[in-house]
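Notes follow once the structure below has been shown.
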Amino acid sequence: MRQSWRATVAGLAVGALTLTGAAAGATIGAVAAAAADDTIIDNDFESTYEPWTARGDADLALTTTEAASGSSSLAVTGRTASWQGAATDVVSTFVAGETYTLDAQVKVPAGTAATTVAATVQESRDGTDDAYTQVASVAVDADGWATLTGTYVMPDALTGAVLYLEAATTGSGDSAAEPDFLVDDLGVTGTAGGTGQTEAVLATDFEDGLGGWSARGDGVVADTTTPGHDSGTAALVTNRTEEWHGLAHDVTSLIEPGSTYQVSAWVKLGPDEDGTADIGLSVQRTAADGGDSFDNVATAAGATADDWVQITGTYQPGPFESATLYVEMPYQSADLRPIVVDDVLVTTSSAGIETDVPDLKDALDVPFGVAIDGRETTGPSSELVLKHFDQITPENDMKPEEIQPTEGTFTFDDADVLMQFAKDDGLRVYGHVLVWHSQTADWMFEDPTTGEPLTTSDEDRQLLRDRMKTHIDTFAEHFAQYGAYGEDNPIRAIDVVNEVISEGEDDGLRRSEWYRILGPEYIRLAFEYAHEAFGDGVALFINDYNTEQPAKRAAYLDLVGDLLDEGVPVDGVGHQLHVSLLQPINQIEASIEAVDALADAKGVDLVQAVTELDVAANTGGESWTSLPQERAVSQGYYYRDLFDMLRSHAQDLFSVTVWGPTDARSWRSEGFPLLFDGALQAKPAFWGSSTRRSSPCSPGPPPPRPATWPSTGTRRPTPRGTSCPTYPSARPARAGSSGGRPTTSRRSSTSRTRRPTGPPTPSTSSGGTPRSPWHGTAASRVPVRPWCRTAGAGSTSSPTSRTRAWWTARPWMPTSVSPTGPPGPRCRGTTSATARRTASASVSSP
Ligand code: XIL
């Protein structure tokens, strides 16, 4: 690879990347805060047009026919559609949030009709359609050079970004044409490197042999006997007899699970081959138990024997014991032709987590959870989880289709990774989910011999009950290996049923397959089976979305009330809270208070959890490539007010969980709904969450006030005071009935008072900070029904009230806690779910 184009990446000439063989750890740009006018791309098109490549059918070539300066320019010809032209990948060279300026001279060749030339960035983001952001456009003709100039702000959390030059179609109908165009003196400037470093972990140009690569597959031959991509030699792979045969490099020690990599290679078909081919880059990950995963990183289409194509992609590896990067042809392509490979480059630009920001788990008065998968159990992502959260929910890995994809085949591998992570690091696990209409394999509701939907015959109904029980029992038995439930098992709660409400139905229940076959009894059965399987040590939750909306809330309350009346062992009520900035926080609070009031009215124990919180910022359905600053700030205030409200209900809450660690990992990524951006950096939402509204002295800088407060129906921020002493900045170490929240309690006058009745001063034995009883570490976990206990022998103090708040908890939590510890937040003595279970007739079960 000869890099003669004048370009710099992160302040260092890319020409320095003329590497031979693997260059693990070579730093491309160790620039912590590069100047905003770094040269990112600088082409005079005198000797090369790198880093530009053809887009679509276009051909790129240097031409001496015309030049804006020097003696040559770039000619873009052979175009068959307006979007075709010259392209270059900028996903790893541009930094999110930074501004880039493009400047180029453009024209059409003599004799060509006038048109418009534009520069655009194609932006890719996981799970959404690509977006196209125009950077600049200019009218051009054959008479003289025109200046194409414009600026571009790199959005957050992109998985791909390609800058390209295109030209508008000229004429119309039969005379429509895709004109050739010329480019010269092209420059892109902006901040390079950002807060992190771009580091090459693997760079191979095959100039001196295979450089650590080898043939993949029996009988496959790899050598460097063929001309290279803009260089002397490339790797040639022949004798392939399987699609996955190709060229491989062990990357076990080069890449790290959970980090993000930009991967690129140039490929083409072997000499003299006809037609085109798709050629891909993949990674084989092998787990400790020998199990393999195959991740396709990216595939380039349209490679020929003559034309190089570039494979580019972003890759975040999951866990592995060993890993191999390899070039192959797609599965079932039946393509066994020779492949040529050159200029492989794997870089990483992770900035790592911010270590100097407050730990969020200390900013909320209840356990703070996050939905994750295996990617967050290692690397910088796991550091983020461990710093800010003390509970995890498997985002997908405990769902029915994951645990039992086919009847009788239980697959716990992915969930085990999370359980081990939790066990090793003292995190609580909120299990999700046992019975759900979604993400449940079809077999659950089908006849095992005919594959037809189950009927409502007695036999079929019994089969479905048996399947439910087997699933729940096997689930509970498997995870019991991590400790006894209620003692040292990380699973502290589980969603037993999920999304069973449909407020439009007469009985308020979703018409799912569960409902069609079993009717409403399936809900009761699920709780009964879960209670039999997990015992009293795991809080059994019902969970749903839109519970903050009045109609849904009413149907939810009706169902929960009925379940409580019937003695069904429901311990907790979950509010998913997939909301937006338009969702009034007081509606959310109303639902929490309504559940609270229901429990009061029934005289039973019930806790609540925020189970899947995310707050979409695109309230108008906007499709952004980055979160506009004003909306980010509004979101910061929303999170602040929401968390303040949640703090005021800490005594009702089992936990609060955000549905994902970063916007890039969110299932609603288009709404940028979470606390951290794709680069693991804290957003205003983070600062809002960690800032107590009523405390102007809270740690951490608050988000800047938005220029205009959106009419979202959210609470308006309380003006910040000028002095701080009336309210403690950290946890209020209040005692008895005084101190604490001064005048702004949101609890209505009719609400029950939950006055702490414990010892006057909270224990500070754990890091000097009193924690919620649910905050227990592995060592201090309360063994039985931690969410609700009755006063008794194990207490070091004997509270007289049956209510409790977090700051009274620690004194009641000796290292060996009696099963009869202090009362829980919803405890009302003898009316615990357990008592109800034994007192009530069990749900009729055939
Ligand atoms: C979502 C996950 O976040 C996605 O990764 C998956 O593709 C679909 O499910 N309510 C729930 C969660 O209870 O399980 C859903 O999670 C989000 C809505």
Only Lys, Arg (+1) and Asp, Glu (-1) charged, at Cβ; the range 261-311 dipole about Cα centre in debye: 260 debye
Interchain or sequence-distant (5+) residues whose placed amide H lies within less than 5 Å of the amide H of Val297 are Leu281, Ser282, Val283
Can you tell me the dipole magnitude for the range 537-590 around its Cα centre, using point charges on the Cβ only (Lys, Arg +1; Asp, Glu -1), in Debye to the nearest 20? 240 debye
Note, the range 517-533: 3J(HN,Hα) by Karplus (6.51, -1.76, 1.60, θ = phi - 60°), whole Hz, Gly/Pro = x, goes 7, 9, x, x, 4, 4, 5, 4, 4, 4, 5, 4, 5, 5, 5, 4, 7
Rounded to the nearest 0.05, FRET efficiency between Thr225 and Asp307 (Cβ-Cβ, R0 25 Å) equals 0.80
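Based on the mean of other beta carbon atoms within 10 Å per residue, what is the order of 587-595, 65-73, most packed first?
Result, highest mean first: 587-595, 65-73.
Would you mind checking Lys387/Lys683; Lys423/Lys469; Lys361/Lys602 for any pair whose Cα atoms are more than 21 angstrom apart? List each step's numbers first, then the result.
Working: Lys387/Lys683 16 Å; Lys423/Lys469 26 Å; Lys361/Lys602 32 Å.
Correct reply: Lys423/Lys469; Lys361/Lys602.
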Ordered by packing density, taken as the mean number of other Cβ atoms within 10 Å over each peptide's residues, highest first, how do 388-396, 162-170 rank? 388-396, 162-170
Positive end of the dipole of the range 36-184, charges at C-beta (+1 Lys, Arg; -1 Asp, Glu), about the Cα centre: which of Phe94, Pro155, Gln122 has its Cα farthest in that direction? Gln122
Provide the FRET efficiency to the nearest 0.05 for the Asp442-Val153 pair, computing r from the beta carbons and using R0 = 45 Å. 0.50
Amide H to amide H, which residues 5 or more places from Tyr100 or on other chains are under 5 Å from it, using H placed in the peptide plane? Tyr152, Val153, Met154
What list of ³J(HN,Hα) couplings, whole Hz, do you get for the range 647-657 from phi and the Karplus terms 6.51, -1.76, 1.60, once you set θ to phi - 60° and write x for glycine and proline? 4, 6, 10, 3, 6, 9, 9, 6, 5, 10, 10
Given charges of +1 on the Cβ of Lys and Arg and -1 on the Cβ of Asp and Glu, with all other atoms neutral, how large is the dipole of the range 405-534 about its Cα centre, in debye to the nearest 20? 280 debye
Take peptides 529-539, 652-662, 207-217 and line them up by average Cβ neighbours within 10 Å, highest first, as a rough protection proxy. 652-662, 529-539, 207-217
Add +1 for every Lys or Arg and -1 for every Asp or Glu among the other residues with Cβ under 13 Å from the Cβ of Val95, and state the total. -4
Considering amide H positions built from the backbone, and no H for Pro or chain starts, which residues 5 or more places from Gly574, or on another chain, come under 5 Å of its amide H? Ile542, Asn543, Asp544, Ala609
Short version: ³J(HN,Hα) in whole Hz for each residue of the range 231-238, in order, from phi by Karplus 6.51 cos²θ - 1.76 cosθ + 1.60 (θ = phi - 60°), x for Gly and Pro, what are they? 6, x, 9, 10, 8, 10, 10, 10
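Since every read-out is calculated from the coordinates, none of them should be taken as a lab result. No experiment lies behind these values; they were computed from the predicted model shown. So basically every Cβ, Gly included, is an ideal-geometry build from the backbone, and we count neighbours across all protein chains shown.
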